[in-house]
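> Structure incoming, see below.
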Amino acid sequence: METLYVELVSAERKVWVGEATMVTTRTTDGKIGIMPRHEPMLAILVPGRVTGHRPDGTAQHGAVHGGFLGVDGNNVEIIAEVAEMAHEIDLGRAEEALRRAEADPDNPSSHAAQARAKARISAVHNQGLMTG
């Protein structure tokens, strides 16, 4: 089975490095799935979930808050401003951040705060799910 080599990095650290049969995430053009032998590309990420579908059938979920996706051969590099894996996210804090952002819709940063909170919540809710 052919796989991708995936690196998810933030400004602070390497968040996840591993093999995947497919990577899904969101770019400014919409949701995208990367599989082995994908054409080379560079895309801008929007806040959302990143999923690495691993060869053993499990999925590795994380949340990114902006950045870039680069594909070259079977190498996928995700360089995010902020990135965290689902197991690192405090769901209660993420849900509270979403409530605060939704309660202040006139605040110019409210939309971005909602997107970040929703990305974290989505990553946690999908943590540990098996892929088909």
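The values are calculated or read from the model by the stated rules, or taken from the named source; none is laboratory data. Being a predicted model, the structure only gives us computed values, none of them experimental. Note: ideal-geometry Cβ built from the backbone for every residue, glycine included; neighbour counts use all protein chains shown. SASA here: full protein model, heavy atoms, side chains in, ligands and nucleic acids out. Shrake-Rupley method; radii C 1.70, N 1.55, O 1.52, S 1.80 Å.
> Taking the range 63-132, which GluC sites (Glu not before Pro) meet the DSSP loop condition and have no more than 15 other C-beta atoms within 10 Å?
Numbers: sites: GLU77, GLU81, GLU84, GLU88, GLU95, GLU96, GLU102; in loops: GLU81.
The qualifying sites are GLU81.
> Sticking with this one: Quick one: order LYS31, LYS118 from most to least accessible surface, probe 1.4 Å.
Numbers: LYS31 135, LYS118 105 Å².
The residues order as LYS31, LYS118, largest area first.
> Give me the percent of the accessible area of the range 1-103 that comes from carbon and sulfur atoms, probe 1.4 Å, all protein chains in place. Don't skip to the end; give the middle numbers.
On the way: 2720 of 5440 Å².
Carbon and sulfur: 50 percent of the exposed surface of the range 1-103.
> How much accessible area per residue does the range 10-63 have, counting only protein heavy atoms and a probe of 1.4 Å, in square angstrom?
Details: 2910 Å² over 54 residues.
Using a 1.4 Å probe on heavy atoms only, each residue of the range 10-63 averages 54 Å².
> Separate question: In whole Hz, what ³J(HN,Hα) sequence does the range 31-42 give by Karplus (6.51, -1.76, 1.60; θ = phi - 60°), x for Gly and Pro?
Once rounded to whole Hz, the list reads 5, 9, x, 10, 10, x, 6, 5, 5, x, 7, 9.
> Only four residue types carry charge here, +1 at the Cβ of Lys and Arg and -1 at the Cβ of Asp and Glu. Report the dipole size of the range 1-121 about the Cα centre in Debye, rounded to the nearest 20.
Working: 13 positive and 18 negative charges, 39 e Å.
That gives a dipole near 180 debye.
> Could I ask something else about it? Projected onto the charge dipole of the chain (+1 at Lys/Arg Cβ, -1 at Asp/Glu Cβ, origin at the Cα centre), which of HIS38, SER10, ALA113 gives the Cα projection farthest towards the positive end?
ALA113
> Using each residue's phi in the range 83-94, evaluate 6.51 cos²θ - 1.76 cosθ + 1.60 at θ = phi - 60° and report the 3J(HN,Hα) Karplus result to the nearest Hz, with x for Gly and Pro.
8, 8, 7, 3, 5, 8, 8, 8, 4, x, 5, 5
> Across the chain, how large is the tail of the calculated P(r) beyond 18 Å, expressed as a percent of all Cα pairs?
52 percent
> Something else about it: For the range 1-66, what is the convex hull volume of the alpha-carbon atoms per residue, in Å³? Don't skip to the end; give the middle numbers.
Working: hull volume 5.5 nm³, N = 66.
Normalising the Cα hull of the range 1-66 by residue number yields 84 Å³.
> Note the per residue figure in Å³ for the convex hull of the C-alpha positions in the range 32-89.
Hull volume over Cα atoms, normalised by residue count, gives 79 Å³.
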